[in-house]
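Asker: Once you've had a glance at the structure underneath, I'll fire off some questions.
The values are calculated or read from the model by the stated rules, or taken from the named source; none is laboratory data. Source: prediction; values computed, not measured. Note: ideal-geometry Cβ built from the backbone for every residue, glycine included; neighbour counts use all protein chains shown. Note: accessible area is taken over every heavy atom of the protein model, side chains too, but ligands, DNA and RNA are not part of it. Shrake-Rupley method; radii C 1.70, N 1.55, O 1.52, S 1.80 Å.
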Amino acid sequence: MEQDQSDSFWQYQLLREPLPATTEGRRTHDTTVKKLSTVALLILLGAAGTFNGLSLTSDPSGRSLGLNVGMLPAWHTWDYRISGLFVLIFLGLGPLICVAAVLVDASEAAVYVALVGLVTIGWVVWQIVVLDIDAPLGQIPLTLLGVALTILAIGEFRARARDRSRR
């Protein structure tokens, strides 16, 4: 267990037992593609979350993003300030910090990627079920982004489990 925490997020692919020469280069290439895909998706989410979060906190009426307060349920806080703070912190800054964890090969980066993916999906579910906001042009891509991040993290968890079983 101690060893698992000290190994980096992406080194599990590289620590596997050697494969025949014909597939070894492919394994390294696959690991690089997965890492770059994860980083690109996190940057996309982080940039959009930061922009939207700042927009909602600086203009709580939501007009700068084409929203209006009338879209919110009556029990809500009467503006988008709290929602904007959530988006800024969890869908903006959180994914950008996670990018740093992936790039420096932090040992628990896969957990962070999975959490970002699940929070993203949870935010869309919250919008639809609780806030009763119907915005498919924003919700569908956001859901797909969360699913993709979660799948990439699950793939990394599976790779770790395979590596542990080979040791």
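Asker: So which residues in segment 108-143 are of a type in the set (Gly, Ala, Ser) and open to solvent by less than 30 Å² (accessible area, probe 1.4 Å), if there are any at all?
Answerer: Within segment 108-143, Ala109, Ala110, Ala114, Gly117 meet the criteria.
Asker: Here's a follow-up. Would you mind telling me which numbered condition in (1) open to solvent by less than 50 Å² (accessible area, probe 1.4 Å); (2) free of Cβ contacts under 8 Å to residues at least 24 places away in the same chain Pro95 fails?
Answerer: (2)
Asker: Moving on. With the checklist (1) surrounded by fewer than 19 Cβ atoms within 10 Å (Cβ to Cβ); (2) within 18 Å of the chain's Cα centre (by Cα) in hand, flag the one item Leu41 doesn't pass.
Answerer: (1)
Table: residues versus (1) out of contact with any strand residue (DSSP E or B) (no Cβ under 6 Å at 6 or more places or on another chain); (2) aromatic (Phe, Trp, Tyr); (3) without any contact (Cβ under 8 Å) to a residue 12 or more places away in the chain.
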residue	(1), (2), (3)
Val111	yes, no, no
Trp126	yes, yes, yes
Val129	yes, no, yes
Asp134	yes, no, yes
Leu137	yes, no, yes
Gly146	yes, no, no
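Asker: Are any of the residues in segment 94-114 within 30 Å of Ala159 (Cα to Cα) and in contact with a Lys or Arg (Cβ under 8 Å, 6 or more places away or on another chain)?
Answerer: Yes, segment 94-114 has at least one match.
Asker: Could you figure out which of (1) at pLDDT below 95; (2) among the hydrophobic types (A, V, I, L, M, F, W, C); (3) in a helix (DSSP H, G or I) isn't true of Leu45?
Answerer: Only one criterion in (1) at pLDDT below 95; (2) among the hydrophobic types (A, V, I, L, M, F, W, C); (3) in a helix (DSSP H, G or I) is unmet by Leu45, namely (1).
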